[in-house]
Ligand code: XLS
Ligand code: NI
Ligand code: NI
């Protein structure tokens, strides 16, 4: 039986197509810089927005029904069937999930654990038949009221223990499903006021929590990556994984840097006051660019709107960073995105994914063109050329100290060698590549 009977498999029809149920730019098997688009982009479906999100907001009820006419465990199974059908029709290979996206949390942990085992057995069989895969799994450590003060950073040790139990179970099912990664997004790992907060203890405990997760997952044979997903705020006033630089500093301090990488979300970057590409670059230069939550925010709104990415400048700058970093290994592009509340039909699910996938395909095509064009990279190389010979080379080789540089500068006199940064010229090259 089909949950989306009027939707065909979505095909590539090219830039001139006006068929809404076709890709204009995403051509899975087309090669760009030696790899297919599919290999580069590694698209993933987010279970929460796609299979459970019903368009509720703080002021109103849901607008889109995701029960598929079922309740309880039957509803969870229907969502697996519908989700996998959607993935297959779109040609999306991977999915990402929270434990309690797959099932509704039960009254006791033991019952929730059992239901999780049952649903993931069902998923495993089906994904193997359909050729679908799990990109990453994560634990929902923020919805239940027990986590009102955090999970790994809770002031109450019983909450920490409960969260650890939940993470253990989720690692078990994620490993069973063949997940490439395990994500930690610490929505409530932060604080509302320092008046009631022991920040030092909370951070030490968070590190203990993550070490336990790594030790356990490795002990049952997990070979993939762990990812931290930075976000500055919401729901916490201040989230400890504020941005990539903060999270990387934390991982380094606590010796977690070998196991963890970043999962960078576009909308979280802008909430932190950064561009998406800034967060990707900070991750890449620290060898920590792991995966991406692909979405976009609204610059006029101060929260995580999780819109489907359609801004091709942004997808181009993103894919430039990804290409330069050598592409994804265990990670991919997870659409942590939802259609607007008013886009309430099941067809809109497909139209939204098509828009996001086309925007990233365009971003990939244009980023590859910027690299092939060579003017931008050539400009940067030239701009830093003083470091590859003469005094610059001696500095980077560690041969000189302040004393020698003082002698050099006194002898040389005023600097006359600065060259223009040519920002406008470079922006115009990007426009030329995008619109030609
Ligand atoms: C919320 C986060 C969340 C994570 C997974 O803002 O983006 O959806 O991706 O817990
Ligand atoms: Ni996310
Ligand atoms: Ni988010």
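Considering only the range 100-126, state which residues are within 30 Å of residue 12 (Cα to Cα) and out of contact with any helix residue (DSSP H, G or I) (no Cβ under 7 Å at 6 or more places or on another chain).
As a first pass, look at the range 100-126 and keep what is within 30 Å of residue 12 (Cα to Cα): 123-126.
Of everything in the range 100-126, just one residue is within 30 Å of residue 12 (Cα to Cα) and out of contact with any helix residue (DSSP H, G or I) (no Cβ under 7 Å at 6 or more places or on another chain), namely 125.
Going by the conditions given, is residue 174 touching a strand residue (DSSP E or B) at 6+ places or on another chain (Cβ under 6 Å), in contact (Cβ under 8 Å) with a residue 24 or more places away in the chain and crowded, with 19+ Cβ neighbours inside 10 Å?
Working: touching a strand residue (DSSP E or B) at 6+ places or on another chain (Cβ under 6 Å): yes; in contact (Cβ under 8 Å) with a residue 24 or more places away in the chain: yes; crowded, with 19+ Cβ neighbours inside 10 Å: yes.
Taking the combined requirement at face value, the residue satisfies it.
Among (1) out of contact with any helix residue (DSSP H, G or I) (no Cβ under 8 Å at 6 or more places or on another chain); (2) assigned to a helix (DSSP H, G or I); (3) away from ligand 3 (no atom under 16 Å from the Cβ), there is one condition residue 267 misses while meeting the rest; what is its number?
(3)
Only one of 319, 288 is more than 16 Å from ligand 1 (Cβ to nearest atom), crowded, with 24+ Cβ neighbours inside 10 Å and touching a residue at least 24 places away in the same chain (Cβ under 8 Å). Can you tell me which?
Details: 288 fails: crowded, with 24+ Cβ neighbours inside 10 Å.
None of the others qualify; the one that does is 319.
Assess whether residue 293 counts as being surrounded by 22 or more Cβ atoms within 10 Å (Cβ to Cβ), within 12 Å of ligand 3 (Cβ to nearest atom) and under 22 Å from residue 189 (Cα atoms). Lay out the reasoning, then the answer.
On the way: surrounded by 22 or more Cβ atoms within 10 Å (Cβ to Cβ): yes; within 12 Å of ligand 3 (Cβ to nearest atom): yes; under 22 Å from residue 189 (Cα atoms): yes.
So residue 293 passes the test.
Anything in the range 337-389 that is under 30 Å from residue 399 (Cβ atoms), in contact (Cβ under 8 Å) with a residue 12 or more places away in the chain and touching a helix residue (DSSP H, G or I) at 6+ places or on another chain (Cβ under 7 Å)? List them, or say none.
379, 386
Tell me yes or no: at least one residue of the range 195-206 is at pLDDT 95 or above, surrounded by fewer than 24 Cβ atoms within 10 Å (Cβ to Cβ) and part of a loop (DSSP other than H, G, I, E, B).
Within the range 195-206 (the criterion being at pLDDT 95 or above, surrounded by fewer than 24 Cβ atoms within 10 Å (Cβ to Cβ) and part of a loop (DSSP other than H, G, I, E, B)), the answer is yes, since at least one residue qualifies.
Among the residues that make up the range 305-325, is at least one of them in contact with a helix residue (DSSP H, G or I) (Cβ under 9 Å, 6 or more places away or on another chain), more than 22 Å from residue 40 (Cβ to Cβ), within 16 Å of ligand 2 (Cβ to nearest atom) and part of a loop (DSSP other than H, G, I, E, B)? If you could, list the steps in order and put the result at the bottom.
In the first step, residues of the range 305-325 are kept if they are in contact with a helix residue (DSSP H, G or I) (Cβ under 9 Å, 6 or more places away or on another chain); the result is 305-325.
Next cut, more than 22 Å from residue 40 (Cβ to Cβ) only: 305-307.
Right, trim to within 16 Å of ligand 2 (Cβ to nearest atom) and you get 305-307.
From the residues that got through so far, the ones that are part of a loop (DSSP other than H, G, I, E, B) too are 305-306.
The answer is yes; a qualifying residue exists.
Among (1) assigned to a loop (DSSP other than H, G, I, E, B); (2) under 28 Å from residue 183 (Cβ atoms); (3) without any contact (Cβ under 8 Å) to a residue 60 or more places away in the chain, which single condition is residue 4 missing?
Condition (3) is where residue 4 drops out.
Quick check on this structure: which one of 97, 184 is farther than 16 Å from residue 206 by Cα, touching a helix residue (DSSP H, G or I) at 6+ places or on another chain (Cβ under 8 Å) and buried (at least 22 other Cβ atoms within 10 Å of the Cβ)?
Values: 184 fails: farther than 16 Å from residue 206 by Cα.
Of 97, 184, the one residue that is farther than 16 Å from residue 206 by Cα, touching a helix residue (DSSP H, G or I) at 6+ places or on another chain (Cβ under 8 Å) and buried (at least 22 other Cβ atoms within 10 Å of the Cβ) is 97.
Just checking, how many residues over the range 50-88 are within 16 Å of ligand 2 (Cβ to nearest atom), in contact (Cβ under 8 Å) with a residue 60 or more places away in the chain and within 23 Å of residue 125 (Cα to Cα)? Give the derivation first.
Going residue by residue through the range 50-88, those that are within 16 Å of ligand 2 (Cβ to nearest atom) are 50-53.
Narrowing further to those that are in contact (Cβ under 8 Å) with a residue 60 or more places away in the chain: 50, 53.
In the following step, the residues that additionally are within 23 Å of residue 125 (Cα to Cα) were identified as 50.
Count: 1.
Kindly provide the set of residues from the range 9-49 that are more than 30 Å from residue 75 (Cα to Cα), touching a strand residue (DSSP E or B) at 6+ places or on another chain (Cβ under 7 Å) and in contact (Cβ under 8 Å) with a residue 24 or more places away in the chain, ordered by number. It would help to see each step written out before you state the result.
Narrowing the range 9-49 to residues more than 30 Å from residue 75 (Cα to Cα): 12-19, 23-41.
If we keep only those that are touching a strand residue (DSSP E or B) at 6+ places or on another chain (Cβ under 7 Å) too, we end up with 12-13, 23, 26-30, 40-41.
23, 26, 27, 28, 40, 41, listed by residue number.
The values are calculated or read from the model by the stated rules, or taken from the named source; none is laboratory data. All of these numbers come straight from a predicted model, not from anything done at the bench. Virtual Cβ from ideal backbone geometry, glycine too; neighbours counted across all protein chains shown.
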